[in-house]
Amino acid sequence: MLYLVGLGLGDEKDITLRGLETVKKCSKVYMEAYTSLLSFGLSSTGKSTLENIYGKSIIIADRETVEEKADDILSEAQSSDVAFLVVGDPFGATTHTDLVVRAKKLGVDVKVVHNASVMNAIGVCGLQLYRYGETISIPFFTETWRPDSFYEKIRRNRTLGLHTLCLLDIRVKEPSLESLCRGKKEYEPPRYMTISTAIEQLLEIEQNRGESAYSEDTTCVGLARVGSEDQAIVAGSMKQLLTIDFGPPLHCLVIVGDVHPVEEEMLEFYTVGKSSNQTS
């Protein structure tokens, strides 16, 4: 049996009781570590904290493991109980849907233990969940690659008056281009996109496209470490949010659409310059 277990967003204590019971009975436990991270990241201390709470040895599954060695994990699940831990909810990333499809094709039974994810926890900023349009992901620009395909999705959302949740890039154990050219993988240091980097890239795209989907005066909400004790939430224009230090990762951004009076009232609590831009 393959168990996909959501860990929630904050720390090791956010696992559900059902999730914890599931982990404890599995013979092997993997933790997916590239679509999101818990508040303490992937440090050895953080990993041992999880192992102490869960009472199991944990194997870190990076992108390479999941994409290239998934069949090995599924083979183990054919004859024993295997847990695959996912920060947030197991279906918060398409990678995990693909894993389920592959498991079912191999005749491996799959059970899912759900948990909170950024897709619903984003409601903490006061913008109502059913007033969001399509979610987008913003990747890091490189010197030769400056993607803007998500621009149309933002424009459509704003035309309909809907909010846009922007998930910001995470680069963990990514091989460098130079090492790939040499045929020997060497990994770049981890990188986590900040809200300011995301806004800078968004404004560059708007300047190039010139279709007025948004501007530096467009109201946004920046959120950091959602679900953690020290989560930060600040609302303001793109220009204003560029000046805010949101602290450690993970960050995400909401481009605000039309607001209901209750949403407007909630956003007031988090507006730049207010005394309470942090919430717990």
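The values are calculated or read from the model by the stated rules, or taken from the named source; none is laboratory data. Source: prediction; values computed, not measured. Note that each Cβ is placed from the backbone with ideal geometry, even for glycine, and that neighbours are counted across all protein chains shown. Keep in mind that these areas ignore ligands, DNA and RNA; they rest on the heavy atoms of the full protein, side chains included. Shrake-Rupley method; radii C 1.70, N 1.55, O 1.52, S 1.80 Å.
Quick notes
- Count - residues of region 237-265 that are surrounded by 20 or more Cβ atoms within 10 Å (Cβ to Cβ) and among the aliphatic types (A, V, I, L, M): 7
- When region 107-123 is filtered for residues that are in contact (Cβ under 8 Å) with a residue 40 or more places away in the chain and part of a loop (DSSP other than H, G, I, E, B), the ones remaining, listed by number, are Val108, Asp109, His114, Asn115, Ala116, Ser117.
- Failed condition for Ser215, given (1) modelled with pLDDT of 95 or more; (2) in contact with a strand residue (DSSP E or B) (Cβ under 6 Å, 6 or more places away or on another chain); (3) open to solvent by less than 60 Å² (accessible area, probe 1.4 Å): (2)
- So Glu152, is it over 15 Å from the mean Cα position of the chain (by Cα), assigned to a helix (DSSP H, G or I) and either without any contact (Cβ under 8 Å) to a residue 12 or more places away in the chain or closer than 17 Å to Ser215 by Cα (or both): yes
- Which numbered condition Asn115 fails, given (1) more than 23 Å from Thr194 (Cβ to Cβ); (2) out of contact with any helix residue (DSSP H, G or I) (no Cβ under 8 Å at 6 or more places or on another chain); (3) crowded, with 18+ Cβ neighbours inside 10 Å: (2)
- Test: Val234 is assigned to a strand (DSSP E or B), in contact (Cβ under 8 Å) with a residue 40 or more places away in the chain and under 23 Å from Tyr132 (Cα atoms): yes
- Any hit, region 219-236, residues being over 30 Å from Glu12 (Cβ atoms) and open to solvent by 20 Å² or more (accessible area, probe 1.4 Å): yes
- The one condition in (1) touching a helix residue (DSSP H, G or I) at 6+ places or on another chain (Cβ under 6 Å); (2) free of Cβ contacts under 8 Å to residues at least 40 places away in the same chain; (3) among the aromatic types (Phe, Trp, Tyr) that Tyr130 fails to fulfil: (1)
- Residue match in region 55-72 (condition: open to solvent by less than 20 Å² (accessible area, probe 1.4 Å), touching a helix residue (DSSP H, G or I) at 6+ places or on another chain (Cβ under 6 Å) and within 22 Å of Ile136 (Cβ to Cβ)): no
- The one condition in (1) small (Gly, Ala, Ser); (2) surrounded by 18 or more Cβ atoms within 10 Å (Cβ to Cβ); (3) within 25 Å of Ile73 (Cβ to Cβ) that Gly107 fails to fulfil: (2)
- Region 181-210: number of residues that are open to solvent by 80 Å² or more (accessible area, probe 1.4 Å) and either polar (S, T, N, Q) or at pLDDT 95 or above (or both): 3
- Going through (1) modelled with pLDDT of 95 or more; (2) of a type in the set (Ser, Thr, Tyr); (3) surrounded by 14 or more Cβ atoms within 10 Å (Cβ to Cβ) one by one, Thr95 falls short only on (1).
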